[in-house]
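Student: One structure coming up, written as structure tokens, with questions to follow.
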Amino acid sequence: MKLKKNIIVSGLVLLILVGALSIIIGGSNMHPEKALNNFSKLIENGKIGDLSLTIYYMSPSVLTLMPTSVDHLVKGYNESKDVIYITNLEEHIDLFKQVSSDVLVPVEHGSRIDARVYYVFEDKNNHKIFDVAMWGKDYSIYVNGVEVKSNDIFYDIVIPFLPEYLAINLEANKNDANRVNQSE
């Protein structure tokens, strides 16, 4: 009887731990379609003033020993990165209105990220609305951690906020991504 009770209690504790772990690991990222729909609703409702945009950029020409994770890019393990923080997004509202879940086309074969560009939209309480990390194989893009095919809107959204030299580099990568996608 005591053994049966211990097994039941152990099973419940294990279920709780697995549930908590899955929330910590995978539950913090909102699914990309839902995130983009929430973002679009904020834009439509004129709540863009409640958002901030943070951009992390490291030149693709910087050599690293291994692919760069988003965490490595954000935490600054590489000194050759730029961080740009923007709160005045209202003048670009027409650009943000172009973002929808229609641009999310899943990739056939997943790849490992080598984060050279990462940007995140957050609300006034610093909660992530949605984030974009570039690149995987064939210039794939990660939206809220899910790998999708490249789409110009993910470049166009961030280019206006970059210094000219970074914007030129990102525009070149956008053109390279378009060539790769056209050859498929």
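The values are calculated or read from the model by the stated rules, or taken from the named source; none is laboratory data. All of these numbers come straight from a predicted model, not from anything done at the bench. FYI the Cβ positions are ideal-geometry reconstructions off the backbone, even for glycines, and counts take in every protein chain you see.
Student: Tell me, which helices (runs of 4 or more DSSP H) lie completely within the stretch 63-163 with 1 or more residues that are touching a helix residue (DSSP H, G or I) at 6+ places or on another chain (Cβ under 9 Å) and acidic (Asp, Glu)?
Tutor: Where helices (runs of 4 or more DSSP H) fall fully within the stretch 63-163 and carry at least 1 residues being touching a helix residue (DSSP H, G or I) at 6+ places or on another chain (Cβ under 9 Å) and acidic (Asp, Glu), they are 152-156.
Student: OK, next. For residue 167, state whether it is aliphatic (A, V, I, L, M), in the same structural domain as residue 118 (by TED's automatic domain parsing) and in a strand (DSSP E or B).
Tutor: Against the criterion (aliphatic (A, V, I, L, M), in the same structural domain as residue 118 (by TED's automatic domain parsing) and in a strand (DSSP E or B)), residue 167 does not qualify.
Student: Within the stretch 48-62, how many residues turn out to be outside any strand (DSSP E or B) and at pLDDT 80 or above?
Tutor: Looking only at that region, the number is 1.
Student: Please tell me if residue 144 is touching a strand residue (DSSP E or B) at 6+ places or on another chain (Cβ under 8 Å), at positive phi, surrounded by 15 or more Cβ atoms within 10 Å (Cβ to Cβ) and of a type in the set (S, T, N, Q).
Tutor: yes
Student: Test residue 45 against the criterion of being more than 21 Å from the chain's Cα centre (by Cα) and at pLDDT 50 or above, and give yes or no.
Tutor: yes
Student: Within the stretch 70-85, which residues are surrounded by fewer than 16 Cβ atoms within 10 Å (Cβ to Cβ) and modelled with pLDDT under 80?
Tutor: Kept after step one, since they are surrounded by fewer than 16 Cβ atoms within 10 Å (Cβ to Cβ), are these residues of the stretch 70-85: 71, 75-80, 82-85.
Matches in the stretch 70-85: 76, 77, 78, 79, 80, 82, 83, 84, 85.
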